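For reference, the structure discussed in these notes is given below.
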Amino acid sequence: MLQNLILIAALLPMQFDTMFTVQYGGKKYEFHVSQDDLQKTPAWPANQENPPLSARRAIDSATKQLATLLPNGKDWRLHAVTLREIDNRWVYLVEFLEPLRPGVEQQTAAGFQLVVLMNGTAVVPRVSP
C-alpha cells in the first residue's frame, strides 16, 4: 500500500513557489509567488511590445501595499521598477527607499522591494520576527 502512495505522489505535478525576501525593522517579509498565482495572470507574449500591466499601475499597487505594511510606508521614495520573468510569466519588482531624515547630511537609506503580478495584485508577504 505504501508503494502505491509513493507512486501517486510522484505523478502529481510539482508546484514550486518563487520567494522574494526583505528584512527591515527587525522583521522578515517573505513574498511567495506560486505557480497557480502566475498562471492566473496575463501572459506577455514576445510579439507584444508592452507588458499587460503598465509600470505606473504596478507602482500604484506597490505604493498602496507598502502603506499597509509599514507605519511610514506612504513616505517612502520610489527607487526602481524591474521586470522579472518566472516560468514564462512576468512580475514587477518595485523598490522603495526609506524616507530621508531631516537635518542629516549623509545617510544610508534602506530599501524595501515589493512584488506585483501582471494582473495588478501586489503580493501580500508573510511577516515574521
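The values are calculated or read from the model by the stated rules, or taken from the named source; none is laboratory data. It should be emphasised that the depicted structure is a prediction, and the values quoted were computed from it without experimental measurement. With ideal geometry, Cβ positions are generated from the backbone for all residues, glycine too; neighbour counts draw on all protein chains shown.
Tabulated values for the structure
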quantity: Contacts under 9 angstrom Cβ, first residue in region 25-40 being under 15 Å from VAL123 (Cβ atoms), partner in a helix (DSSP H, G or I), 6 or more apart; calculated: TYR29/LEU69
quantity: Boolean, ARG84 is assigned to a helix (DSSP H, G or I) and among the basic types (Lys, Arg); calculated: no
quantity: Yes/no for PRO71 being under 21 Å from VAL127 (Cα atoms), modelled with pLDDT under 95 and out of contact with any Cys (no Cβ under 7 Å at 6 or more places or on another chain); calculated: yes
quantity: Among residues of region 77-88, those that are in contact with a helix residue (DSSP H, G or I) (Cβ under 9 Å, 6 or more places away or on another chain) and modelled with pLDDT of 95 or more, counted; calculated: 3
quantity: Test for LEU66: is it closer than 22 Å to MET19 by Cβ, under 15 Å from the mean Cα position of the chain (by Cα) and of a type in the set (A, V, I, L, M, F, W, C); calculated: yes
quantity: Evaluation of LEU100 against (1) closer than 22 Å to PHE16 by Cα; (2) modelled with pLDDT under 95 (one fails), failing number; calculated: (1)
quantity: Tally, over region 55-82, of residues that are of a type in the set (A, V, I, L, M), surrounded by 14 or more Cβ atoms within 10 Å (Cβ to Cβ) and farther than 17 Å from LYS27 by Cα; calculated: 5
quantity: Subset of region 103-129 that is at pLDDT below 95, small (Gly, Ala, Ser) and not in a strand (DSSP E or B) - its residue that is surrounded by the most Cβ atoms within 10 Å (Cβ to Cβ); calculated: ALA109
quantity: Looking only at region 1-60, and only at residues there that are within 14 Å of the chain's Cα centre (by Cα) and assigned to a loop (DSSP other than H, G, I, E, B), the one that is modelled with the highest pLDDT; calculated: THR41
quantity: Region 44-54: number of residues that are over 17 Å from VAL123 (Cβ atoms) and either touching a Gly at 6+ places or on another chain (Cβ under 6 Å) or surrounded by 14 or more Cβ atoms within 10 Å (Cβ to Cβ) (or both); calculated: 1
